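Have a look at the structure below, then the notes.
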Amino acid sequence: MPKALKIKDKAIRQLVETIVDGLQDIKGKDIAVLDLTGLKNAVTDYFVIATGDSSTQVEGMASSVVRKTRKELKEKPWHEEGVGNSEWILLDYVNVVVHIFFRETREFYNLEDLWADAKRTDIPNLQ
């Protein structure tokens, strides 16, 4: 996890780090963490956004995140969407919302531009 990711709340920081690890375990790409804490009307504190190259990879990344957060932190998503579709899977952990996209779907919805005022931390792709 890069040192540039500064999250004061220890529990939320651990959750974000565990989510990123779960995404990286399945070779998630273009991972970005958006800090929404300073924005009015934000629906959560943080977004974690990642891309998969196939619907199978998108599904695998979501499963990896759920397994890892449950095993390491005893956390499970409050809500999940898109699991049957696998073009955009959303995992809602209340303070952190994970968006896992198929590449073309991520480009179409472009959440990063919609939340451009958020502080953004890009996580380097693992080789």
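The values are calculated or read from the model by the stated rules, or taken from the named source; none is laboratory data. Just so you know, these numbers come straight off a predicted model, no measurement behind them. FYI the Cβ positions are ideal-geometry reconstructions off the backbone, even for glycines, and counts take in every protein chain you see.
Of all residues in the stretch 108-127, those being of a type in the set (S, T, Y) and free of Cβ contacts under 8 Å to residues at least 24 places away in the same chain number 1. Residues considered: D25, D35, D21, D45. Of these, the only one that is of a type outside the set (G, A, S), touching a residue at least 12 places away in the same chain (Cβ under 8 Å) and closer than 22 Å to E87 by Cβ is D25.
For every residue, the table says whether it meets (1) at pLDDT 95 or above; (2) assigned to a loop (DSSP other than H, G, I, E, B); (3) not aliphatic (A, V, I, L, M).
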residue	(1), (2), (3)
L5	no, yes, no
R13	no, no, yes
I19	yes, no, no
Q24	yes, no, yes
D30	yes, no, yes
L34	yes, no, no
T37	no, yes, yes
A42	no, yes, no
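So in the stretch 70-82, with the set limited to residues that are in contact with a strand residue (DSSP E or B) (Cβ under 6 Å, 6 or more places away or on another chain) and part of a loop (DSSP other than H, G, I, E, B), which one is modelled with the lowest pLDDT? Here the residue is G82.
If we keep just the residues of the stretch 101-119 that are outside any helix (DSSP H, G or I) and out of contact with any Ser or Thr (no Cβ under 8 Å at 6 or more places or on another chain), which is farthest from G28 (Cα to Cα)? Out of the qualifying residues, it is D117.
Every residue, every condition in (1) of a type in the set (G, A, S); (2) surrounded by 16 or more Cβ atoms within 10 Å (Cβ to Cβ); (3) under 23 Å from I12 (Cα atoms); (4) in contact with a Lys or Arg (Cβ under 7 Å, 6 or more places away or on another chain), yes or no:
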residue	(1), (2), (3), (4)
L36	no, yes, yes, no
T51	no, yes, yes, yes
S63	yes, no, yes, no
L73	no, no, yes, no
V83	no, no, no, no
E87	no, yes, no, no
E104	no, no, no, no
A118	yes, yes, yes, no
P124	no, no, yes, no
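Going by the structure shown, is V96 in contact (Cβ under 8 Å) with a residue 60 or more places away in the chain, surrounded by 19 or more Cβ atoms within 10 Å (Cβ to Cβ) and among the hydrophobic types (A, V, I, L, M, F, W, C)? Considered against the rule, which asks whether it is in contact (Cβ under 8 Å) with a residue 60 or more places away in the chain, surrounded by 19 or more Cβ atoms within 10 Å (Cβ to Cβ) and among the hydrophobic types (A, V, I, L, M, F, W, C), V96 comes out as yes.
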